[in-house]
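Read the structure below first, then the notes.
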Amino acid sequence: MLRIRSLAAARLIRLQRAYGHANRGDELMAEKNVQAGMSEYEAAIRLAPEIVELPFGHAVALASIGREPQAAPVFTTVFAAEPIWADVLRRLPAAGLFPKDRQLMQRVQALKPRP
């Protein structure tokens, strides 16, 4: 039983660290420190590759700064794993978290696999 608790605690610590990197990436991007922000997103993904939200956030950041070619394969992978993220993306411009660019949105939405 102790080993199970220890494994669970280790997982929670790893996830907390991953989200800490993602949050720091958001902060750095807001400060226009793109290189450091991207490094933080990448660190988050390395720590918790099973959490689809992390590469989604990275792709959103990439697309938001005009790096759509880099974001596209990440969006493709995210949408293939969990298509609901394409629906989440459509809500982000209203919240100020993604550009209000209809053409960009259409291109990114087109990356969602068809049923």
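The values are calculated or read from the model by the stated rules, or taken from the named source; none is laboratory data. This one's a predicted model, so the numbers in the text were calculated from it and none came from an experiment. Counting neighbours? That spans all protein chains shown, and the Cβs are built from the backbone with ideal geometry, glycine included. We work out accessible area using only protein heavy atoms, side chains counted, and drop any ligands, DNA or RNA first. Shrake-Rupley method; radii C 1.70, N 1.55, O 1.52, S 1.80 Å.
Here are some notes:
- Selection within region 91-111: residues that are free of Cβ contacts under 8 Å to residues at least 40 places away in the same chain and in contact with a Phe, Trp or Tyr (Cβ under 6 Å, 6 or more places away or on another chain). The member of this set that is surrounded by the most Cβ atoms within 10 Å (Cβ to Cβ) is 111.
- Of all the listed residues (57, 20, 66), the sole one being in a helix (DSSP H, G or I) and under 24 Å from residue 107 (Cβ atoms) is 57.
- Test: residue in region 58-68 that is loosely packed, with under 13 Cβ neighbours inside 10 Å, out of contact with any strand residue (DSSP E or B) (no Cβ under 6 Å at 6 or more places or on another chain) and hydrophobic (A, V, I, L, M, F, W, C): no
- Hits in region 23-44 (condition: hydrophobic (A, V, I, L, M, F, W, C), surrounded by fewer than 19 Cβ atoms within 10 Å (Cβ to Cβ) and either at pLDDT 95 or above or more than 24 Å from residue 104 (Cβ to Cβ) (or both)): 34, 36, 43
- Subset of region 69-87 (residues that are open to solvent by less than 70 Å² (accessible area, probe 1.4 Å) and not in a helix (DSSP H, G or I)): 83
- The conditions of being of a type outside the set (A, V, I, L, M) and either over 13 Å from the mean Cα position of the chain (by Cα) or under 16 Å from residue 85 (Cα atoms) (or both) are not met by residue 25.
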